[in-house]
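The values are calculated or read from the model by the stated rules, or taken from the named source; none is laboratory data. Everything numeric in this text was worked out from a predicted model, so none of it was measured. With ideal geometry, Cβ positions are generated from the backbone for all residues, glycine too; neighbour counts draw on all protein chains shown. Each accessible area value is taken on the protein alone, full model and side chains, heavy atoms only, with ligands, DNA and RNA left out. Shrake-Rupley method; radii C 1.70, N 1.55, O 1.52, S 1.80 Å.
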Amino acid sequence: MKISNGTRESEKTFPHRSLLLAVCAACIGGTFQYGYNVSVINAPTMFVHNFINQTWSDRYQSDISDHVLTLLWSAIVSIFTVGGLIGVTIGGTMSMMLGRKGALLANNIFAIFAALLMGLSYPTGYFELLIAGRLFCGINAGIGLCVQPLYLGEIAPTSLRGAMGTGTSIFITGGILSGQVIGLKELLGREEQWHLLLATTCVPAIMQLLILPWFPESPRYLLIDKGDDARCKKALAQLHGAAGCISEWEEIEKERNNFVGFKAKKPWELFYDPTIRWQLLTILLLNAAQQLNGINAIYFYADYLFKQAGIPSEKIPYVTIGTGACECVTALTCGLLIDRLGRKVLIAGGYTLMSICCVLITLTLTFQEANPIVPYLSMACVFAFILSFGLGPGGVTNILTAELFTQSTRPAAYIISGSLNWFSFFFIGLAFPFIVIGLQQYCFLVFLVICALVATYICLAVPETKNKTFLEIENAFQSNNHKKVNGVDGAGAILLSTSI
């Protein structure tokens with residue numbers, strides 16, 4: 001008996017090799033693309049400006065005004081978020097029609113087309129191709145952020161769902177770091193190569209097209225949505241091995257039996273379903289907070305703080321790589337801790353630490369000139385904030401979106417949460433410069449309020465989901481957010497709790 005218990009523990013601790021490779025295959029062309037395209041656009045900023053200037057002059061025999069140049073550059077950068085909104089709205093539908101794996105494979109068409117457009121922009125002299133290419137990059141990223149966490153959440157066993165789900169954040173941060181490294185002048189960060197730098201987005205897409213077909217479709221999709229028992233069993237055996245697939249089959253079959261006759265819900269139907277009201281509120285809050293918690297402000301102030309600490313301007317790109325590496329390491333750490341400490345501890349703890357960092361950053365920015373050591377304290381606070389974000393909100397948010405919903409509502413939930421996430425990204429990009437101008441360093445007090453409120457909500461309203469099946473999580477939410485009231489007839493009526 002001791003041997004079998006030990007075997008089960010080892011199965012919980014170590015994923016099957018095929019499962020680990022499937023996660024990597026899904027992520028390299030999924031959320032890696034999001035992180036890569038967010039960061040890679042920063043390195044060639046001045047080169048793209050020069051290209052637009054030269055193209056405008058050749059085309060119209062006049063110099064471009066600063067206003068028009070800023071407008072065109074803003075369009076190139078911000079059109080990515082518009083594409084993301086489009087991608088996330090069609091990602092859920094694609095995952096239902098083509099399957100999770102099929103949607104990921106089809107999504108690579110957008111990345112390859114985007115790379116072609118951006119690669120041809122410089123040789124042809126059309127800066128409009130950059131705008132179109134970035135739009136398709138955004139569509140690719142939006143679909144990836146919607147479908148890939150869905151796939152990871154459905155192929156992972158219950159005991160490893162958290163660790164496998166952190167593949168989303170690990171590959172986002174890996175993409176950010178890769179974009180920063182490849183954008184160095186020693187690689188593709190020179191003026192004559194900037195269009196090739198942007199076109200490298202096709203490399204992860206091609207890698208996924210070559211690798212992912214060797215791995216199976218989501219077993220849950222095959223059994224619950226398609227009713228294909230044989231392919232489901234085959235997929236489970238490949239992902240978990242012959243010994244580990246039995247318990248997973250039983251869990252998926254139990255979920256199917258509980259939802260016999262249920263059809264996949266449309267996004268708007270979730271707003272009218274009282275049984276998932278608190279789950280929906282939770283993911284809306286967490287996805288909005290993921291963009292509005294101040295992480296973008298940290299990167300905005302990073303260059304200023306590095307200069308204040310005496311770091312030469314030409315060396316700042318290398319220090320910035322340190323922030324990317326820091327976020328990548330914390331994402332890996334989150335993957336190691338999430339199935340030990342639990343989701344609630346990590347995300348609530350992360351927001352609490354970020355609240356503390358907001359206070360410290362405000363103080364150090366206010367008294368920047370008071371003492372030579374203060375700029376170095378500011379740098380330490382920057383890295384502490386990034387560590388806190390990566391350890392909690394950055395790693396756990398997408399996992400909770402997968403865990404709080406069952407098969408019939410999960411794709412629609414990803415459309416809603418992803419749309420809000422991208423809209424918040426777009427909003428903070430527009431509003432943040434004005435917030436900085438108006439509040440300066442005190443803008444971090446706004447983020448302090450957001451982080452503190454989210455941490456409080458998580459502590460009070462969100463149950464722990466570690467090592468629980470999707471059905472158990474649904475029941476836990478109902479028990480946490482409802483109270484039982486016994487009527488005179490002895491029946492227990494379940495009412496929504498108003499104590500939160």
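Using mean Cβ contacts within 10 Å as the protection proxy, how do 156-164, 226-234 order, highest first?
156-164, 226-234
For the chain, find the longest principal axis of its Cα atoms and tell me its angle to the long axis of helix 316-341, 0 to 90°, nearest 10.
Here the helix axis deviates by roughly 10 degrees.
Taking the Kirkwood radius as the inverse of the mean 1/r across Cα pairs, report the Rg/Rh of the range 266-482.
1.02
So what's the angle, to the nearest 10 degrees on a 0 to 90 scale, between helix 295-308 and the longest Cα principal axis of the chain?
That helix lies at roughly 40 degrees to the long axis.
With equal scatterers on the alpha carbons only and no solvent term, can you work out the Debye log10 of I(q)/I(0) for the chain at 0.06, 0.10 1/Å?
Here log10 of I(q) over I(0) equals -0.29, -0.79.
Peptides 335-345, 89-99: what's the order by average Cβ count within 10 Å, highest mean first?
89-99, 335-345
Using DSSP to define loop residues, name the chymotrypsin sites (Phe, Trp or Tyr not before Pro) in the range 168-260 whose beta-carbon has at most 16 other beta-carbon atoms within 10 Å.
259
Given the C-alpha centroids of the range 132-181 and the range 201-225, what is the distance between them in whole angstrom?
Taking the Cα centre of each part, the range 132-181 and the range 201-225 sit 13 Å apart.
Please work out the average accessible area per residue across the chain, using the 1.4 Å probe convention, and give it in Å².
On a per-residue basis, 43 Å².
Please determine, in degrees from 0 to 90 and to the nearest 10, the orientation of helix 17-28 with respect to the longest principal axis defined by the Cα atoms of the chain, where the helix direction is its Cα long axis.
40
Based on the mean of other beta carbon atoms within 10 Å per residue, what is the order of 133-140, 57-64, 119-126, most packed first?
Ranked by mean Cβ neighbours within 10 Å, highest first: 133-140, 119-126, 57-64.
For the chain, which whole-number percentage of the solvent-accessible area (1.4 Å probe, protein heavy atoms only) is attributable to carbon and sulfur atoms?
Reported share for carbon and sulfur atoms: 68 percent.
If you take the square roots of the eigenvalues of the alpha-carbon gyration tensor of the range 316-391 and sort them as a ≥ b ≥ c, do you get rounded (a/c under 1.5), prolate (a/b over b/c) or oblate?
Oblate, because a/c is 1.5 or more while a/b does not exceed b/c.
Just to check I understand the Karplus step: with θ = phi - 60° and J = 6.51 cos²θ - 1.76 cosθ + 1.60, what whole-Hz values come out for the range 190-196, glycine and proline as x?
9, 4, 6, 10, 4, 5, 5
Mind checking the dipole of the range 266-482: about its Cα centre, +1 per Lys or Arg Cβ, -1 per Asp or Glu Cβ, Debye to the nearest 20?
120
Does the range 16-215 classify as rounded, prolate or oblate by the C-alpha gyration tensor (a ≥ b ≥ c root eigenvalues; a/c under 1.5 gives rounded; else a/b over b/c gives prolate, otherwise oblate)?
Taking the square roots of the gyration eigenvalues as a ≥ b ≥ c, the range 16-215 is prolate.
Take the alpha carbon gyration tensor of the range 421-460, find the square roots of its eigenvalues, order them as a ≥ b ≥ c, and report rounded if a/c is under 1.5; if not, report prolate when a/b exceeds b/c, else oblate.
In terms of gyration-tensor shape, oblate.
Could you tell me the distance between the Cα centroids of the range 11-57 and the range 359-379, to the nearest Å?
Measuring centre to centre over Cα atoms gives 33 Å.
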